[in-house]
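Structure, as structure tokens:
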Amino acid sequence: MSRGITVKTALCLIPPENVWDQIQSIRSIHDKAYPRWMPHINLIYPFIPESEFANMKIKLDSVFNSEEPFEIEFDQSSFQYFTQKRGECTFHLRPKQTENVIELYKKIEKVLPNYLLKDRPFEAHLTLGQTTTSRISDIFIEMKAKWKTITFTVDRICMISRENDPNDLFSIKNQVLLGESMEEDHDNTCHSNDVCSKPTILPSLSTKNYLCIIPPFEFSSHLLHLFEGTSFRPWKPFRIVLGECEESNSVNLQIETITKFTLNFGPRSICFNYSNSQLFLKPTDIDSLERFNINNDNNFDGRLILGELDKNDLTEVANRFTDTWKYDTNEFQIDQVHIIDSNDRFQNTFKLKTQCFS
């Protein structure tokens, strides 16, 4: 394997979010990596540092832009598992037809032979969780009884990273599109009365930046367990949006004198917006947060946005939050703030001052 690789990045296939519900409902209960990883099929892991993604994209584009997209199907026969030490096992979904994924992997192997693990053969799989071999049969019976077949199109290879994420969570940083050059060639063939133009494969990305507070991983992980088995769709990461900002230097000047502080949430902090199904927590005291209200927004309330939830699950989630509420798990120290763009990419981080006592 090549040097200069890291376990904080991966090259993988990611199903579209509209097929995540069944997968995430299982992973939220059984997969210890649920908070950190999105549903994925790894192609190369570990992978190159995030700083090398742009050059890697150029290299992979030249090979895979001409490859046709293909479909993956997960049905009841897709439930499989790997045995491990001490009677443990990892269970997963294996594509019903693996030929296309294997063919894709073989082409990656030719392009990047020095980045692949040589100690085991490639087996396309999407991890669902961990258990013991004594329990796996019962778990599969229960899951297969509820499972509805998932089919989706693989039209891109994703480069994901957690290198610069303060909560150590993976997010998509770059993509290699399949079939892009073929689509362009087809679209650029003019017919009578047609206006030829290069197609837009992806929508243009907004460049708005927001000053945000991101809770620590332990705090977020504790909250995620409250939503197991519900319709909850999390924002990644959870965040307090302090305001829209344009210039990092001006933001730094505004907050450079602010010291670290602790933010608390009470047993009745959980709130729900019925108009947009947004679930959030309201701090017990926002005086410290008001110093970050850079846009002087009169409606600023310091809410920690968690995600979206179907209103039918609201009572259950609220009861879980109240029943499990403790001081030590419902507060966290704020020692830094971040600038995140509207595509969830971290642009900058500012450390807060340490309180000095004379």
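Can you find a residue in region 339-347 that is among the hydrophobic types (A, V, I, L, M, F, W, C) and at pLDDT below 75?
Yes, region 339-347 contains at least one residue that is among the hydrophobic types (A, V, I, L, M, F, W, C) and at pLDDT below 75.
Looking for whichever is farther than 18 Å from residue 227 by Cα, of a type in the set (D, E, K, R) and within 28 Å of the chain's Cα centre (by Cα) here; the options are 303, 291. Which one fits?
One residue alone meets the criteria, 303.
Does residue 290 meet the test of being out of contact with any strand residue (DSSP E or B) (no Cβ under 7 Å at 6 or more places or on another chain) and farther than 24 Å from residue 321 by Cα?
So residue 290 fits the description; yes.
Name the single residue that is nearest to the chain's Cα centre (by Cα) among those in region 32-81 being among the small types (Gly, Ala, Ser) and within 24 Å of residue 132 (Cβ to Cβ).
33
The values are calculated or read from the model by the stated rules, or taken from the named source; none is laboratory data. Quick caveat: nothing in here was measured; it's all calculated off a predicted structure. Every residue, glycine among them, receives a Cβ derived from its backbone with ideal geometry; neighbour counts consider all protein chains shown.
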